[in-house]
Amino acid sequence: MSLDKKYDSSIIDVAQVGSIEDHVIASGYKDFNDKLDIAKYGETKRKLSSRHVSLMIIGQSIGSGLFIGLSSPLMTSGSLSLLTGFIFWAVLVIWVLMQCIGEMCSYLPIKGSFLHFSARFVDPALGFAVTLIYLYASCMFICLEATAFSSTVKFWTGDKYNPGIFITVCLVCYFFFNIYGVNWYGEIEFFSSMLKVLLIVGLMLFALISMCGGNPQHNAYGFQHWKEGGLARAYLVKGSTGKFLGWWNVLIYAAFSCGGPDLLALVSGEMRNPRKNVALASRRAYIRIYLFYFGGIFFMNTLCSSINPTLLAAAVNGSVGAAASPWVIGIKEVGVHGLDSLVNALIMSSVFSCGNAFFYGSTRTAYSAALAGYLPRVFSRCLKNGCPIYCVVLTSLISCLAFLSISNSTAVVFNWFINLATTGLLCAYICMWLSYFKFRRGLKAQGIDINSDSYPYFRATKFIMPLAYFGFFINVIVLIFNGFWIFFPGQFNVANLFTSYFAPVFFICLYVFWKVLKRTKIRTDDEVDLTTGKQEIDDEEVIELEYESNHVRKTGIVFKIWYAIADFCFN
């Protein structure tokens with residue numbers, strides 16, 4: 001059966017949702033009633049360019065996890081375990097998932113992306129569960145970054161001011177930055193991400209020069225700090241088992257720190273020329289892996305050992321922010337003073353930007369939930385600039401959970417949010433994997449050969465399927481055993497149990513609730529919906545390509561230099 005004919009009747013269901021002139025688009029499925037009523041509620045806009053997307057995807061990975069959160073796994077697991085754990089997760093899970101997302105979203109870059117893919121490809125109940133669990137996870141990440149933001153300010157102010165002041169400033173800024181059109185959000189994230197890239201590159205260069213003796217103490221310490229605390233440290237128990245548990249513990253922190261696939265999927269619905277730009281972002285995923293995870297952690301280990309007295313004291317005292325950052329501690333250890341304030345300022349901007357990215361993700365998730373009928377349709381209302389205003393308000397209200405850190409230890413609440421956010425994100429990743437498997441099977445069942453030379457969209461390496469199954473397996477295992485340490489003697493407490501396993505239990509409850517309520521069924525390969533909304537995107541692409549071919553570039557020397565740099569970096 002041909003792809004074009006199979007779902008002709010489900011592209012526009014006039015009887016259900018009105019006439020085409022009313023600009024109402026729906027799939028027509030009774031168990032997944034996604035409906036975009038443009039005339040009544042407006043819609044989001046495609047205003048993100050390739051340079052916006054490139055830096056946004058890179059920037060989302062550089063937040064509190066890379067600068068602050070690494071202190072805990074460094075102390076418990078050792079330098080080599082930290083590096084290899086991050087490499088394992090980034091290469092075999094994140095990079096592979098980016099390729100899978102790239103294939104799906106270059107073929108069908110719809111609003112809602114992987115949230116709606118779960119419903120249209122797999123099961124509407126799965127779509128409901130992943131939409132709400134990702135909304136929850138994004139809000140937890142906002143709370144986490146807002147808490148980290150207040151802690152970086154505390155580096156200068158101490159206990160003089162209530163941290164709630166700085167959390168308020170952070171959340172209010174998120175609100176106003178997301179009120180403006182997505183192109184303004186893209187510009188803010190572009191320059192913020194540029195600062196983050198410059199920061200991590202600057203820190204790596206500093207570490208390289210310092211380890212070679214270019215420091216005030218003229219101490220060419222080389223790789224001394226790598227072995228001081230042990231390349232692989234035993235965690236919870238002694239011997240080889242303890243060293244394996246230490247390495248496994250790193251995977252949990254890597255799952256928290258290494259992001260990207262989710263944001264790429266969400267922005268695909270608001271980027272210009274999405275098929276080209278999604279493919280570029282997917283291919284560029286290795287830059288983040290090599291530069292930030294390999295390079296950043298490698299050089300951080302040269303600056304600070306896992307048994308550094310200042311690092312251990314910061315953990316005992318519950319310090320967070322730059323005071324607990326291995327980077328800042330290592331810089332001070334080699335006799336450089338004053339630079340820690342500059343690094344703290346840059347870390348603060350990185351943390352703020354990362355939280356802003358998740359604020360955007362949360363608003364678009366709520367918007368997608370409204371389109372699918374999981375939230376009241378009123379949440380799909382957009383301003384003229386494309387901002388889903390009620391979703392911004394909803395996200396702002398949920399983000400107020402960050403104020404929990406006022407009455408509790410900031411370090412404790414920070415770790416709560418890490419657990420809550422990471423497990424929620426892992427649940428969302430599982431749904432992305434399942435959607436991809438169904439996407440591939442749906443293409444085959446409906447007569448589309450993705451390996452054919454005539455296939456026009458992004459196609460990952462031919463080894464992607466075995467790698468995807470392995471990445472999915474690792475994802476599931478890490479989610480199940482993310483709280484393994486709780487069950488060792490002396491480690492158990494109710495708060496840690498709740499924060500480690502609330503998200504997967506909540507996810508299962510959501511799935512069962514919607515399946516019973518709506519009596520949904522798992523879609524067969526022939527029922528995988530690969531067409532609804534595709535024609536509209538095809539038409540947009542034709543217009544965009546025609547505009548690009550007719551658009552005359554400015555010819556001045558300054559513009560020629562800028563175009564050359566932009567094409568190299570972003571195209």
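The values are calculated or read from the model by the stated rules, or taken from the named source; none is laboratory data. Bear in mind the structure is a predicted one, so any value in this text is a computation, not a measurement. Methodologically, a virtual Cβ is constructed for each residue, glycine included, from the backbone with ideal geometry; neighbour enumeration extends over all protein chains shown. With ligands, DNA and RNA removed, areas are computed over all heavy atoms of the protein, side chains included. Shrake-Rupley method; radii C 1.70, N 1.55, O 1.52, S 1.80 Å.
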Flagged in the stretch 406-426 as aromatic (Phe, Trp, Tyr) and open to solvent by 10 Å² or more (accessible area, probe 1.4 Å), in numbering order, are Phe414, Trp416
Conditions: (1) in a helix (DSSP H, G or I); (2) modelled with pLDDT under 80; (3) not aromatic (Phe, Trp, Tyr). Ala254 meets all but one. Number of the miss?
-> (2)
Selection within the stretch 385-397 - over 11 Å from Thr363 (Cα atoms) and open to solvent by 40 Å² or more (accessible area, probe 1.4 Å) | Asn385, Leu397
Taking the options Ser368, Ser341, Ser353, Ser362, name whichever one is modelled with pLDDT under 80, hydroxyl-bearing (Ser, Thr, Tyr) and either out of contact with any strand residue (DSSP E or B) (no Cβ under 6 Å at 6 or more places or on another chain) or in a loop (DSSP other than H, G, I, E, B) (or both).
-> Ser341
Residue check, Leu135 in contact with a helix residue (DSSP H, G or I) (Cβ under 7 Å, 6 or more places away or on another chain), in a helix (DSSP H, G or I), among the hydrophobic types (A, V, I, L, M, F, W, C) and open to solvent by 10 Å² or more (accessible area, probe 1.4 Å) | yes
Just checking, how many residues over the stretch 115-156 are touching a Cys at 6+ places or on another chain (Cβ under 7 Å) and not hydroxyl-bearing (Ser, Thr, Tyr)?
-> 6
Can we say Leu375 is open to solvent by 40 Å² or more (accessible area, probe 1.4 Å) and on the phi < 0 side of the Ramachandran plot?
-> no
Those residues of the stretch 117-132 which are under 13 Å from Asp262 (Cα atoms) and not polar (S, T, N, Q) amount to Phe117, Val130
Can you find a residue in the stretch 112-127 that is at pLDDT 90 or above and either within 24 Å of Cys354 (Cβ to Cβ) or outside any helix (DSSP H, G or I) (or both)?
-> yes
Could you list, in sequence order, the residues of the stretch 198-224 that are open to solvent by 30 Å² or more (accessible area, probe 1.4 Å) and part of a helix (DSSP H, G or I)?
-> Leu198, Val201, Gly202, Leu205, Phe206, Leu208, Ile209, Gln224
Being out of contact with any Ser or Thr (no Cβ under 7 Å at 6 or more places or on another chain), surrounded by fewer than 22 Cβ atoms within 10 Å (Cβ to Cβ) and either of a type in the set (S, T, N, Q) or modelled with pLDDT under 85 (or both), is that true of even one residue in the stretch 430-447?
-> yes
Looking at this structure, is Asn277 modelled with pLDDT under 85 and open to solvent by less than 50 Å² (accessible area, probe 1.4 Å)?
-> yes
Do the conditions hold for Thr531, that is, is it in a loop (DSSP other than H, G, I, E, B) and hydroxyl-bearing (Ser, Thr, Tyr)?
-> yes
Residue list for the stretch 448-497, restricted to those being assigned to a loop (DSSP other than H, G, I, E, B), in contact with a Phe, Trp or Tyr (Cβ under 7 Å, 6 or more places away or on another chain) and open to solvent by less than 40 Å² (accessible area, probe 1.4 Å) | Gly483
Across the stretch 71-110, the tally of residues that are under 30 Å from Tyr455 (Cβ atoms) and aliphatic (A, V, I, L, M) stands at 12
Give me the pairs, please: first residue somewhere in the stretch 495-508 and over 12 Å from Asn482 (Cα atoms), second residue anywhere and at pLDDT 85 or above and in a helix (DSSP H, G or I), beta-carbon distance under 6 Å, and either six or more positions apart or on two chains.
-> Phe507/Ala129; Phe507/Ile133; Phe507/Cys427
Scanning for something within 23 Å of Leu80 (Cα to Cα) and open to solvent by 40 Å² or more (accessible area, probe 1.4 Å), does the stretch 302-309 turn up at least one residue?
-> yes
Mind telling me which of the residues Tyr174, Tyr235, Tyr161 ends up being touching a helix residue (DSSP H, G or I) at 6+ places or on another chain (Cβ under 7 Å), farther than 30 Å from Cys387 by Cα and either of a type outside the set (A, V, I, L, M, F, W, C) or free of Cβ contacts under 8 Å to residues at least 60 places away in the same chain (or both)?
-> Tyr235
If you go through the stretch 406-422 one residue at a time, do you hit one that is under 30 Å from Met98 (Cβ atoms), part of a helix (DSSP H, G or I), among the polar types (S, T, N, Q) and modelled with pLDDT of 90 or more?
-> no
Is it the case that some residue within the stretch 284-294 is under 24 Å from Leu199 (Cα atoms) and at pLDDT 80 or above?
-> yes
Expected single match for open to solvent by 30 Å² or more (accessible area, probe 1.4 Å), touching an Asp or Glu at 6+ places or on another chain (Cβ under 8 Å) and among the hydrophobic types (A, V, I, L, M, F, W, C) among Phe352, Phe403, Phe358 is Phe352
Under the condition of being in a helix (DSSP H, G or I) and small (Gly, Ala, Ser), which residue from the stretch 138-169 is farthest from Val413 (Cα to Cα)?
-> Ser138
Being at pLDDT below 90 and more than 22 Å from the chain's Cα centre (by Cα) is the filter here, so list the residues in the stretch 460-477 that pass it.
-> Thr461, Lys462, Phe463
Only residues that are of a type in the set (Val, Ile, Thr) and either under 30 Å from Trp416 (Cβ atoms) or in contact with a Ser or Thr (Cβ under 7 Å, 6 or more places away or on another chain) (or both): list them for the stretch 488-538, please.
-> Val494, Thr499, Val505, Ile508, Val512, Thr532
Hey, can you tell me all the residues within the stretch 510-522 that are hydrophobic (A, V, I, L, M, F, W, C) and closer than 19 Å to Tyr429 by Cβ?
-> Leu510
